[in-house]
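S.K.: My structure is below; once you've seen it, I'll send some questions.
The values are calculated or read from the model by the stated rules, or taken from the named source; none is laboratory data. Bear in mind that the values here come from a model prediction, so they are computed numbers and not experimental data. Cβ atoms come from the backbone with ideal geometry, glycine included; neighbour counts cover every protein chain shown.
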């Protein structure tokens, strides 16, 4: 469940082709929309914040969305709310390509992905209003001691830390998804198994965490005495009339929704899609919710309604949508778990991503405007990241003006790694394959490049930058601002866009020189252990034809090389699985790591025996060189793997 706003998109997909020939759409709008708009009071807006007249809203959305249907996604559901009403609701394309099932925003069930997190934070604020939880209290106090003592957290962290994703947790090591054919464990057992480590000081580094959000959901369970899915059903879904939505990981409380589910797809290129397998999300409060676009629109109305149906007082509703965290007072960031979008007027919400689905949800509190975008393809690149901007962004109110009395941008130059990374397992290496390069542009500005995408930033006040120019939609969404935070000695400690995750300076132990050396050592070892067994086998065949027998020392050398081949194969398998398999579980990783241990141990034993057995056996010069080369490559490979934690069992 990947938050689509930020980027860590590393999965490889397989080829399958389907072309959409015709899009079937149905329009659902509030009766008398145009007349209602003309009947507004003198002070009320007649157009969206971006300047689109509401009477032209349908045509504008159609013109924007329709070109992408069948190209970037098989289907989409778009719903817009204003005040207490749905003013636009439309389905585009297909919920299922094979059956040509059209999308219906009132009936088609999509995966919401991380939009589910907003229901966690709303639940918490409800319990805060009741006096049963406190935002600034150590979260562990809400858990039974038997559970709290098992958490991998040495430093206290609060609900506010969890809402802003600054609880200090590294990325979770296991698969965030499991196939629907497997049995789901309890939330408690899921949280205690394969826990990520608390690698950052709470409150100091923003690192988006599904684990932390699910942990917050578990706190709701312990305080309320209900399962989280039961709590959100009783206290959010039913009060808002969201009758076609379920937060249960298996739709257990709404089994009738199963036949209405859209098929999720992966993109194989423009206009080409592959159906994804159905899946469950073990950390279910963080992203398992499924429902219709119109149901999610009712949530948008509930968050902005004058009669505040989710809370006893309008003050609590307003407090929840007020900023609760920011790295810098002049930049948008987080409002009690709702992300503040980099648009004017002020907009909060959350995007979502799961296997086969991606989505966006935004509300403009002062306008009482809501936007729901649901698609049935993962990492949809066009509609999901851009429609909110099209309807909300007031460009005149968003002019970028360079600041005065600015420090040099040279201090921020260098290589950075995303904080949303696993630092205690072999998966750490992925963070360094997607490093961020920061270079000064003139005296005061910066150019930031990540994964081939680049943006130019203008310094608008000391150490605060704003995105001036880019072709990347992901940068526009997640890094429109950039704050360079320094310690008391003037050393940069992080770059923060205020959204999802920070960028941390690359340590000397992970410098370009170290990475290059590691890559060379690893490549040499893989090639050596791939080619050498073949050469040894050919040599053995030749000697056998000549009637020559192999010595014990030679057989032991063959075993040593074979162990190296097994280890190299395990490393390649781990890397490929990490990149391509969203269902991979920690147990699979640990089995491969145990094989590495076993192979290395056998190699050491064989080497010791070979040295003992061959101490009086004369060796040719080529044999000596081969054994020395094997030893050097093996030792270098082992050191390299230890450095990158390929011998570290995941807890």
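S.K.: Given the residues 498, 547, which is the only one that is touching a residue at least 12 places away in the same chain (Cβ under 8 Å) and part of a loop (DSSP other than H, G, I, E, B)? Talk me through it step by step, then tell me what you get.
M.R.: Values: 547 fails: touching a residue at least 12 places away in the same chain (Cβ under 8 Å).
On inspection, the qualifying residue turns out to be 498.
S.K.: In this structure, does residue 518 turn out to be farther than 18 Å from residue 406 by Cα and in contact (Cβ under 8 Å) with a residue 60 or more places away in the chain? Give the derivation first.
M.R.: Numbers: farther than 18 Å from residue 406 by Cα: yes; in contact (Cβ under 8 Å) with a residue 60 or more places away in the chain: yes.
Against the criterion (farther than 18 Å from residue 406 by Cα and in contact (Cβ under 8 Å) with a residue 60 or more places away in the chain), residue 518 qualifies.
S.K.: Looking only at the range 139-173, filter to residues that are under 11 Å from residue 219 (Cβ atoms) and without any contact (Cβ under 8 Å) to a residue 40 or more places away in the chain; which one of those is surrounded by the fewest Cβ atoms within 10 Å (Cβ to Cβ)?
M.R.: Among them, the one singled out is 141.
Results for (1) buried (at least 20 other Cβ atoms within 10 Å of the Cβ); (2) in contact with a helix residue (DSSP H, G or I) (Cβ under 9 Å, 6 or more places away or on another chain); (3) farther than 25 Å from residue 386 by Cα; (4) not assigned by TED's automatic domain parsing to the domain that holds residue 352, shown as yes or no for each residue.
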position: 445; (1), (2), (3), (4): no, yes, yes, yes
position: 450; (1), (2), (3), (4): yes, yes, no, yes
position: 465; (1), (2), (3), (4): yes, yes, no, yes
position: 470; (1), (2), (3), (4): no, yes, no, yes
position: 474; (1), (2), (3), (4): yes, yes, no, yes
position: 485; (1), (2), (3), (4): no, no, yes, yes
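S.K.: I'd like to verify a number: residues in the range 42-68 that are outside any helix (DSSP H, G or I) and surrounded by fewer than 22 Cβ atoms within 10 Å (Cβ to Cβ), how many?
M.R.: So the answer is 11.
S.K.: Considering only residues that are over 21 Å from residue 266 (Cβ atoms) and buried (at least 24 other Cβ atoms within 10 Å of the Cβ), which ones fall in the range 92-116?
M.R.: Hit for the range 92-116 is 105, nothing else.
S.K.: Given (1) out of contact with any strand residue (DSSP E or B) (no Cβ under 7 Å at 6 or more places or on another chain); (2) farther than 26 Å from residue 351 by Cβ, identify the lone condition not met by residue 122.
M.R.: Of everything listed in (1) out of contact with any strand residue (DSSP E or B) (no Cβ under 7 Å at 6 or more places or on another chain); (2) farther than 26 Å from residue 351 by Cβ, residue 122 misses just condition (2).
S.K.: Next up: Of all residues in the range 235-245 being touching a helix residue (DSSP H, G or I) at 6+ places or on another chain (Cβ under 7 Å) and assigned to a helix (DSSP H, G or I), which is nearest to residue 302 (Cα to Cα)?
M.R.: Looking at the filtered set, the residue picked out is 240.
S.K.: When the residues of the range 174-221 are narrowed to those that are touching a helix residue (DSSP H, G or I) at 6+ places or on another chain (Cβ under 6 Å) and farther than 20 Å from residue 119 by Cα, which ends up surrounded by the fewest Cβ atoms within 10 Å (Cβ to Cβ)?
M.R.: 203
S.K.: Now for a different question. If I ask for residues that are at pLDDT below 95 and either under 21 Å from residue 322 (Cβ atoms) or in a loop (DSSP other than H, G, I, E, B) (or both), which ones from the range 156-179 would you list? Working first, answer last.
M.R.: As a first pass, look at the range 156-179 and keep what is at pLDDT below 95: 171-179.
If the condition is that a residue be at pLDDT below 95 and either under 21 Å from residue 322 (Cβ atoms) or in a loop (DSSP other than H, G, I, E, B) (or both), then 171, 172, 173, 174, 175, 176, 177 are the ones that fit.
S.K.: Yes or no: residue 553 in a helix (DSSP H, G or I) and under 30 Å from residue 464 (Cα atoms)? Quick ask: steps written out before the conclusion?
M.R.: On the way: in a helix (DSSP H, G or I): yes; under 30 Å from residue 464 (Cα atoms): no.
No, not satisfied.
S.K.: Just checking, how many residues over the range 399-443 are over 28 Å from the mean Cα position of the chain (by Cα) and surrounded by fewer than 21 Cβ atoms within 10 Å (Cβ to Cβ)? Give the steps one after another, and end with the answer.
M.R.: Quick first cut of the range 399-443, residues over 28 Å from the mean Cα position of the chain (by Cα) only: 399-411, 440-443.
Retained after the next criterion (residues that are surrounded by fewer than 21 Cβ atoms within 10 Å (Cβ to Cβ)): 399-408, 410-411, 440-443.
Within the range 399-443, residues that are over 28 Å from the mean Cα position of the chain (by Cα) and surrounded by fewer than 21 Cβ atoms within 10 Å (Cβ to Cβ) number 16.
S.K.: I'd like the full set of residues that are assigned to a loop (DSSP other than H, G, I, E, B) and farther than 19 Å from residue 456 by Cα, limited to the range 394-444.
M.R.: Kept after step one, since they are assigned to a loop (DSSP other than H, G, I, E, B), are these residues of the range 394-444: 394, 399-408, 413, 419-427, 434-435, 442-444.
Result: 394, 405, 419, 420, 421, 422, 423, 424, 425, 426, 427.
S.K.: Yes or no: the range 575-595 includes at least one residue that is more than 30 Å from residue 353 (Cβ to Cβ) and either surrounded by 12 or more Cβ atoms within 10 Å (Cβ to Cβ) or at pLDDT below 95 (or both). Walk me through how you get there before you give the answer.
M.R.: To start, the set of residues in the range 575-595 that are more than 30 Å from residue 353 (Cβ to Cβ) comprises 594-595.
Checking which are either surrounded by 12 or more Cβ atoms within 10 Å (Cβ to Cβ) or at pLDDT below 95 (or both) leaves us with 594-595.
Within the range 575-595 (the criterion being more than 30 Å from residue 353 (Cβ to Cβ) and either surrounded by 12 or more Cβ atoms within 10 Å (Cβ to Cβ) or at pLDDT below 95 (or both)), the answer is yes, since at least one residue qualifies.
S.K.: Another question, then. Working carefully through the options 388, 379, find the one that is within 25 Å of residue 267 (Cα to Cα) and assigned to a loop (DSSP other than H, G, I, E, B). Outline the logic, then answer.
M.R.: Values: 388 fails: assigned to a loop (DSSP other than H, G, I, E, B).
Criteria check complete, one pass: 379.
S.K.: Sticking with this structure for a sec: Within the range 613-628, which residues are closer than 13 Å to residue 552 by Cβ and surrounded by 11 or more Cβ atoms within 10 Å (Cβ to Cβ)?
M.R.: Of the range 613-628, the ones closer than 13 Å to residue 552 by Cβ are 613-617.
Correct list: 613, 614, 617.
S.K.: For residue 531, indicate whether it is modelled with pLDDT of 95 or more, within 33 Å of the chain's Cα centre (by Cα) and in a helix (DSSP H, G or I). Give the steps one after another, and end with the answer.
M.R.: Values: modelled with pLDDT of 95 or more: yes; within 33 Å of the chain's Cα centre (by Cα): no; in a helix (DSSP H, G or I): yes.
When the stated conditions are applied, residue 531 does not pass them.
S.K.: While we're looking at this one, here's another question. Of the conditions (1) in a strand (DSSP E or B); (2) free of Cβ contacts under 8 Å to residues at least 60 places away in the same chain; (3) farther than 30 Å from residue 387 by Cβ, residue 456 fails just one. Which one is it?
M.R.: Going through the list (1) in a strand (DSSP E or B); (2) free of Cβ contacts under 8 Å to residues at least 60 places away in the same chain; (3) farther than 30 Å from residue 387 by Cβ, residue 456 breaks only (3).
S.K.: Quick one: in the range 607-630, of everything that is in contact with a helix residue (DSSP H, G or I) (Cβ under 7 Å, 6 or more places away or on another chain) and at pLDDT below 95, which residue is nearest to residue 425 (Cα to Cα)? Full working, then the answer.
M.R.: Taking the range 607-630 as the starting set, the residues that turn out to be in contact with a helix residue (DSSP H, G or I) (Cβ under 7 Å, 6 or more places away or on another chain) are 607, 609-610, 613-614, 617, 627, 630.
Those left that are additionally at pLDDT below 95: 607, 609-610, 613-614, 617, 627.
Details: 607: 28, 609: 32, 610: 33, 613: 38, 614: 39, 617: 43, 627: 32 Å.
This residue is 607.
S.K.: Answer with yes or no whether residue 238 is surrounded by fewer than 17 Cβ atoms within 10 Å (Cβ to Cβ) and either under 24 Å from residue 369 (Cβ atoms) or modelled with pLDDT of 95 or more (or both). Quick ask: steps written out before the conclusion?
M.R.: Values: surrounded by fewer than 17 Cβ atoms within 10 Å (Cβ to Cβ): yes; either under 24 Å from residue 369 (Cβ atoms) or modelled with pLDDT of 95 or more (or both): yes.
It is true that residue 238 is surrounded by fewer than 17 Cβ atoms within 10 Å (Cβ to Cβ) and either under 24 Å from residue 369 (Cβ atoms) or modelled with pLDDT of 95 or more (or both).
S.K.: Here's another thing I want to ask about it. Taking the condition of being at pLDDT 90 or above and over 26 Å from the mean Cα position of the chain (by Cα), how many residues in the range 384-398 meet it?
M.R.: Selection size over the range 384-398: 0.
S.K.: Is there a residue being under 34 Å from the mean Cα position of the chain (by Cα), surrounded by fewer than 18 Cβ atoms within 10 Å (Cβ to Cβ) and in a helix (DSSP H, G or I) anywhere in the range 598-605?
M.R.: Looking for residues that are under 34 Å from the mean Cα position of the chain (by Cα), surrounded by fewer than 18 Cβ atoms within 10 Å (Cβ to Cβ) and in a helix (DSSP H, G or I), one finds at least one in the range 598-605, hence yes.
S.K.: Any residue at all in the range 287-309 that's more than 20 Å from residue 240 (Cβ to Cβ), at pLDDT below 95 and in the same structural domain as residue 126 (by TED's automatic domain parsing)?
M.R.: no
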